[in-house]
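Single-structure report; data block below.
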Amino acid sequence: MSKDWRVNEEIRAKEVRLVDEEGQQLGIVPVREAQETAQNRGFDLVEIAPSANPPVCRLMDYGKHKFEQSKREKEARKKQKVISIKEVKMRPNIDEHDFQTKTKNARKFLNSGDKVKFTIMFRGRQITHPEIGKQISEKFAEQLSDISSVEKPPKVEGRNMVMILVPKQDNVSKEAE
């Protein structure tokens with residue numbers, strides 16, 4: 001928001017409503033007088049409401065204001081959680097041990113707070129038996145039902161069957177603590 005504010009000589013209005021550094025209104029004054037006031041007090045004249053009639057300008061240390069704003073934005077970025085999607089791929093004729101290994105990997109992803117995209121890839125004539133893929137998807141979801149829920153049920157997309165699992169909220173909060 002502060003990126004499009006006009007400062008000092010950039011202000012093009014003839015007169016402005018001036019607000020001092022404590023928030024006290026000093027009235028409507030010509031822009032030259034406002035700039036002199038700002039300079040005498042050691043502040044910048046910043047146009048904070050350009051659409052008002054007359055525009056509202058405030059006396060502030062603009063450099064300090066920009067620094068504090070960037071610091072707040074940086075802090076907000078630090079606190080936000082980025083959820084990524086991890087993918088687990090299988091084929092319809094997967095062996096039991098391989099299935100358990102893939103399930104264990106998916107469990108790790110879900111515990112760390114990521115979504116899991118479960119994909120069964122069909123080859124050749126395997127696509128004529130989507131029920132096998134559906135059974136494997138249901139078994140996979142059942143194995144992980146204690147820590148996840150199905151966001152998108154299994155659906156055939158081209159030669160793949162895709163299902164998306166998301167971690168349960170109570171599980172993620174325990175992991176964060």
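Go through the stretch 79-94 and give me each residue that's more than 10 Å from the chain's Cα centre (by Cα), aliphatic (A, V, I, L, M) and open to solvent by 90 Å² or more (accessible area, probe 1.4 Å). The answer is Ile85, and nothing else. Screening Gly124 against (1) on the phi > 0 side of the Ramachandran plot; (2) under 22 Å from the mean Cα position of the chain (by Cα) leaves a single unmet condition, (2). Going through the stretch 79-96 one residue at a time, which ones are under 24 Å from Glu131 (Cβ atoms) and assigned to a helix (DSSP H, G or I)? Residue satisfying the conditions is Glu96 alone.
Would a scan of the stretch 1-13 turn up a residue that is open to solvent by less than 100 Å² (accessible area, probe 1.4 Å), modelled with pLDDT of 85 or more and assigned to a strand (DSSP E or B)?
Checked the stretch 1-13: no residue is open to solvent by less than 100 Å² (accessible area, probe 1.4 Å), modelled with pLDDT of 85 or more and assigned to a strand (DSSP E or B).
So is Ala52 small (Gly, Ala, Ser), surrounded by 10 or more Cβ atoms within 10 Å (Cβ to Cβ) and not in a helix (DSSP H, G or I) or not? Criteria met by Ala52. Does at least one position in the stretch 58-78 carry a residue that is open to solvent by less than 60 Å² (accessible area, probe 1.4 Å), under 26 Å from Gly23 (Cα atoms) and assigned to a strand (DSSP E or B)? Within the stretch 58-78, one or more residues are open to solvent by less than 60 Å² (accessible area, probe 1.4 Å), under 26 Å from Gly23 (Cα atoms) and assigned to a strand (DSSP E or B).
Beta carbons closer than 6 Å, at least 6 apart along the sequence or on distinct chains, pair a first residue in the stretch 122-136 that is over 21 Å from Val150 (Cα atoms) with a second that is surrounded by 15 or more Cβ atoms within 10 Å (Cβ to Cβ) for Gln126/Pro92. When each of Lys71, Lys86, Lys79, Lys64 is tested for being out of contact with any Phe, Trp or Tyr (no Cβ under 9 Å at 6 or more places or on another chain) and at pLDDT 90 or above, the lone residue that passes is Lys71.
For the stretch 97-169, please list each of the strands (runs of 3 or more DSSP E) lying entirely inside it that holds at least 2 residues being open to solvent by 80 Å² or more (accessible area, probe 1.4 Å) and at pLDDT 90 or above.
Values: elements: 115-121, 148-157, 160-167.
Once the strands (runs of 3 or more DSSP E) in the stretch 97-169 are filtered for at least 2 residues that are open to solvent by 80 Å² or more (accessible area, probe 1.4 Å) and at pLDDT 90 or above, what remains is 148-157.
The values are calculated or read from the model by the stated rules, or taken from the named source; none is laboratory data. Since the structure is predicted, the reported quantities are computational estimates derived from the model, not experimental observations. Every residue, glycine among them, receives a Cβ derived from its backbone with ideal geometry; neighbour counts consider all protein chains shown. Accessible surface is based on the protein model in full, side chains and every heavy atom, while ligands, DNA and RNA are left aside. Shrake-Rupley method; radii C 1.70, N 1.55, O 1.52, S 1.80 Å.
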